[in-house]
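*Asks:* Sharing a structure below in structure tokens format, with a few things to ask.
The values are calculated or read from the model by the stated rules, or taken from the named source; none is laboratory data. Since the structure is predicted, the reported quantities are computational estimates derived from the model, not experimental observations. Virtual Cβ from ideal backbone geometry, glycine too; neighbours counted across all protein chains shown. Surface areas here come from the heavy atoms of the whole protein model, side chains and all, with no ligands, DNA or RNA. Shrake-Rupley method; radii C 1.70, N 1.55, O 1.52, S 1.80 Å.
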Amino acid sequence: MAQRVAVPDGANKKTSRVRVAVRLRPYMDNPDDKDEGPCVRGLDSQNLEIINWRNATETVKYHFDAFHGEQTTQQEVFVSSVKPILPHILNGQNASVFAYGPTGAGKTHTMMGSSDQPGVIPRAVSEVFKLVKAKDEDEGWDYSIGMSYLEIYNEKVLDLLSPSSQDLPIREDKDKNILIPGLTLTTISSFSDFDKHFVPASLNRTTASTKLNQRSSRSHAVLLIKVVRTQRALPHRQQTGKLYLIDLAGSEDNRRTGNQGIRLKESGAINLSLFTLSKVVDSLNSGTAVRVPYRDSKLTRLLQDSLGGSAHSVMITNIAPEYKYYFDTFNALNFASKSKLVVNKPFTCETVAVLPVKRAKEDHKAGGSGT
Ligand code: ADP
Ligand code: MG
């Protein structure tokens, strides 16, 4: 019989940071908007700047673990921010990838993508199958891959693979593993097997959202890929690695009530999970994690064993360049980075000629904001 063994470098390791990447989507011309040009732009692979609303002759510069400019492909985002963490889930470690940012900034594009531009989710799932295939031969372990797909809406946990289900409870076992009894866990044997379950469940969610007042922008879509490996020989050790891939609720919900700051929590929390996630990430990344408030919301409780601790976590903050997103962008950046610098240099006069990518964009906008 298989015997459960605690992951060796699990519990006692020091709390790890959440890596933060920012992705700027391309400018989208809308005939109804006045063409004001972008209010934010990249500087290099780790820095970006945004106009300072307090003083338009200044910009505010931010530094991140990675910055992905508007020309960045889906493949590049995957390779730089997600691919490196995947091997860990085959060794019984946990990982989580989040898309954060205001509605319309590109979270779903980043996570799901489209059939011609697949996003992080299909790429990560394919890669996990590839890694397992490569491993199977030479090591004495059998691997099995399963998926769960759930939504957190109004602090309710709903099983997207079993749409008629009710709010599910979140529990912790004696080894501090977080689990949801009753949540569908479907074994998948190939990518097309995954797609067969994932696509209809995603469509269900989208259809429901149009009826339910933009539900998809207020709910968190949480895909779990679980890799269990069992030693063929005695003592048949077993290790479980979990990968969470999450398309978060729009961060503008946060701001609407967040304008009055602490109000958010008392007001019944339009989005308690998102608000708590920001506190958890803040607490992990500020290095002063006296008490990480995982238990304060459903999302963070669910992620307790897969965010911080020995887990590998990446937050991809999606932002949009148009002025109408300005305050949402500003808030998203302030949440994502503790490091910012006010630079006394007018945004519109700066020439950005370092990266070929930027040059292409400047040419495109010539005569507009670029001069
Ligand atoms: P969100 O999920 O954050 O609300 P979406 O992913 O739906 O945002 O993106 C809004 C729109 O912008 C969609 O039409 C999407 O296809 C487009 N979009 C987002 N990011 C990119 C990108 N990097 N390149 C091209 N189009 C993008
Ligand atoms: Mg979306």
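*Asks:* Quick test of your reading of the structure: GLY261 fulfils all but one of (1) part of a loop (DSSP other than H, G, I, E, B); (2) closer than 19 Å to LYS107 by Cα; (3) at pLDDT below 55. Name the failing condition by number.
*Replies:* Against the list (1) part of a loop (DSSP other than H, G, I, E, B); (2) closer than 19 Å to LYS107 by Cα; (3) at pLDDT below 55, GLY261 comes up short only on (2).
*Asks:* With respect to VAL82, determine if the residue is away from ligand 1 (no atom under 12 Å from the Cβ) and part of a strand (DSSP E or B).
*Replies:* Working: away from ligand 1 (no atom under 12 Å from the Cβ): yes; part of a strand (DSSP E or B): no.
So VAL82 fails the test.
*Asks:* If we keep just the residues of segment 29-46 that are of a type outside the set (Lys, Arg) and in a strand (DSSP E or B), which is farthest from ligand 2 (Cβ to nearest atom)? Reasoning before the result, please.
*Replies:* Looking only at segment 29-46, we keep the residues that are of a type outside the set (Lys, Arg), and these are 29-33, 35-40, 42-46.
Retained after the next criterion (residues that are in a strand (DSSP E or B)): 40, 42.
Values: VAL40: 20, GLY42: 22 Å.
By that ranking, first place goes to GLY42.
*Asks:* Restricting to segment 85-110, and then to whatever is in a loop (DSSP other than H, G, I, E, B) and more than 9 Å from ligand 1 (Cβ to nearest atom), can you tell me which residue is surrounded by the most Cβ atoms within 10 Å (Cβ to Cβ)?
*Replies:* ASN94
*Asks:* Given the conditions (1) within 16 Å of ligand 2 (Cβ to nearest atom); (2) open to solvent by 20 Å² or more (accessible area, probe 1.4 Å); (3) touching a residue at least 12 places away in the same chain (Cβ under 8 Å), and given that SER114 satisfies all but one, which numbered condition is not satisfied?
*Replies:* (3)
*Asks:* How many residues are free of Cβ contacts under 8 Å to residues at least 60 places away in the same chain and out of contact with any Leu (no Cβ under 9 Å at 6 or more places or on another chain) if we restrict to segment 168-187? Break it down stepwise before answering.
*Replies:* As a first pass, look at segment 168-187 and keep what is free of Cβ contacts under 8 Å to residues at least 60 places away in the same chain: 168-169, 171, 173-174, 179, 181-187.
From what is left, the residues that are out of contact with any Leu (no Cβ under 9 Å at 6 or more places or on another chain) are 169, 174, 179, 187.
Summing the residues that are free of Cβ contacts under 8 Å to residues at least 60 places away in the same chain and out of contact with any Leu (no Cβ under 9 Å at 6 or more places or on another chain) in segment 168-187 gives 4.
*Asks:* Looking only at segment 37-71, count how many residues are among the hydroxyl-bearing types (Ser, Thr, Tyr) and touching a helix residue (DSSP H, G or I) at 6+ places or on another chain (Cβ under 8 Å). Walk me through it before giving the result.
*Replies:* Step one: filter segment 37-71 for residues among the hydroxyl-bearing types (Ser, Thr, Tyr), giving 45, 57, 59, 62.
Those left that are additionally touching a helix residue (DSSP H, G or I) at 6+ places or on another chain (Cβ under 8 Å): 59, 62.
Number of matching residues: 2.
*Asks:* Also, quick follow-up: Within 12 Å of ligand 1 (Cβ to nearest atom), of a type in the set (Gly, Ala, Ser) and farther than 30 Å from LYS176 by Cα: does that describe GLY37?
*Replies:* no
*Asks:* Here is a check on your reading of the model: is GLU127 assigned to a loop (DSSP other than H, G, I, E, B), away from ligand 1 (no atom under 12 Å from the Cβ) and over 16 Å from the mean Cα position of the chain (by Cα)?
*Replies:* Working: assigned to a loop (DSSP other than H, G, I, E, B): no; away from ligand 1 (no atom under 12 Å from the Cβ): yes; over 16 Å from the mean Cα position of the chain (by Cα): yes.
Answer is no for this residue.
*Asks:* Within segment 47-77, count every residue that is assigned to a loop (DSSP other than H, G, I, E, B) and farther than 20 Å from MET28 by Cα.
*Replies:* 9
*Asks:* Same structure, new question: Do we find a residue being modelled with pLDDT under 90, open to solvent by 60 Å² or more (accessible area, probe 1.4 Å) and either within 16 Å of ligand 1 (Cβ to nearest atom) or not in a strand (DSSP E or B) (or both) anywhere in segment 290-305? Full working, then the answer.
*Replies:* Quick first cut of segment 290-305, residues modelled with pLDDT under 90 only: 290-292.
So of that shortlist, the ones also open to solvent by 60 Å² or more (accessible area, probe 1.4 Å) come out as 290-291.
Applying the additional criterion that residues be either within 16 Å of ligand 1 (Cβ to nearest atom) or not in a strand (DSSP E or B) (or both) yields 290-291.
Taking every residue of segment 290-305 in turn, at least one turns out to be modelled with pLDDT under 90, open to solvent by 60 Å² or more (accessible area, probe 1.4 Å) and either within 16 Å of ligand 1 (Cβ to nearest atom) or not in a strand (DSSP E or B) (or both).
*Asks:* Which of (1) within 16 Å of ligand 1 (Cβ to nearest atom); (2) open to solvent by less than 40 Å² (accessible area, probe 1.4 Å) is the odd one out, the single condition GLN75 does not satisfy?
*Replies:* For GLN75, the failing item is (2).
*Asks:* Exactly one condition in (1) within 16 Å of ligand 1 (Cβ to nearest atom); (2) open to solvent by less than 50 Å² (accessible area, probe 1.4 Å) is not met by ILE180; state its number.
*Replies:* All conditions are met except number (1).
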